[in-house]
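Everything on this sheet refers to the single structure shown next.
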Amino acid sequence: MKFLFVFIGGGLGSMARYAIWRLFEKFSFQIPYATFVANILSCFILGYFIGLQIKLDIPDNLRLLLLIGFCGGFSTFSTFGFETFQMLESGNIQTALGYILISVLVCWIFIYLGIKMT
């Protein structure tokens, strides 16, 4: 039964990520903003629910649905890795390295902000 909660949450997270991709697909940016925004939002949501979990006794099924399922499906490390690889392959080394650094730092900040919001 626990797999069902992860499955549902992951599906909803993937749908949310796809919706963000659709919002950004018509624009051409030097960095992949859809992936960047999805990862930042996912980190904030993850931080928020971790903060709630610290303060409240969140049921295991809700934790599986939101933290593991939704945030796991919403964030997209594999796409981040592939898009960064493409930047490196096309010779945009500075852009790729900047994107890596900014992504990691901003995601850490948003996890922290999510935890502090609770």
Find all pairs meeting these conditions: Cβ atoms under 9 angstrom apart; at least six residues apart or on different chains; first residue within the stretch 1-30 and touching a residue at least 60 places away in the same chain (Cβ under 8 Å); second residue among the basic types (K, R) and assigned to a helix (DSSP H, G or I). F5/R63
Look at the stretch 15-34 and say how many of its residues are in a helix (DSSP H, G or I) and closer than 24 Å to L101 by Cβ. 6
Output the qualifying pairs, or none if there are none: Cβ atoms under 9 angstrom, residues six or more apart or on different chains, first residue in the stretch 33-56 and within 17 Å of G72 (Cβ to Cβ) and at pLDDT 95 or above, second residue not in a helix (DSSP H, G or I) and not hydroxyl-bearing (S, T, Y). F44/M117; G47/M117; Y48/M117
Within the stretch 93-113, is there a residue that is of a type in the set (G, A, S) and in contact with a Gly (Cβ under 9 Å, 6 or more places away or on another chain)? no
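Results for (1) touching an Asp or Glu at 6+ places or on another chain (Cβ under 8 Å); (2) crowded, with 20+ Cβ neighbours inside 10 Å; (3) closer than 22 Å to V6 by Cβ; (4) of a type in the set (K, R), shown as yes or no for each residue.
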residue: D57; (1), (2), (3), (4): no, no, yes, no
residue: I68; (1), (2), (3), (4): no, no, yes, no
residue: C71; (1), (2), (3), (4): no, yes, yes, no
residue: E83; (1), (2), (3), (4): no, no, no, no
residue: Q86; (1), (2), (3), (4): no, no, no, no
residue: G98; (1), (2), (3), (4): no, no, no, no
residue: L105; (1), (2), (3), (4): no, no, no, no
residue: I109; (1), (2), (3), (4): no, no, no, no
Being of a type in the set (G, A, S) and touching a residue at least 40 places away in the same chain (Cβ under 8 Å) is the filter; apply it to the stretch 66-80 and report the residue that is farthest from V104 (Cα to Cα). G69
Specify the residue that is surrounded by the fewest Cβ atoms within 10 Å (Cβ to Cβ); the eligible residues are those in the stretch 2-40 that are under 21 Å from L66 (Cα atoms) and of a type in the set (D, E, K, R). K2
Determine the pairs where a residue that is in contact (Cβ under 8 Å) with a residue 24 or more places away in the chain, located within the stretch 102-115, has a partner that is outside any helix (DSSP H, G or I) and among the hydroxyl-bearing types (S, T, Y) with Cβ atoms under 9 Å apart, the partner being 6 or more residues away or on another chain. C107/S75
What is the residue count in the stretch 103-118 for residues that are over 15 Å from S75 (Cβ atoms) and touching a Phe, Trp or Tyr at 6+ places or on another chain (Cβ under 8 Å)? 4
Looking at (1) among the aliphatic types (A, V, I, L, M); (2) over 10 Å from the mean Cα position of the chain (by Cα); (3) closer than 18 Å to F110 by Cβ, can you tell me which one I40 breaks? (2)
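The values are calculated or read from the model by the stated rules, or taken from the named source; none is laboratory data. Please read these numbers as outputs of a predicted model, since none were measured by experiment. Cβ coordinates were reconstructed from backbone atoms using ideal geometry, including for glycine residues, and neighbour counts include every protein chain displayed.
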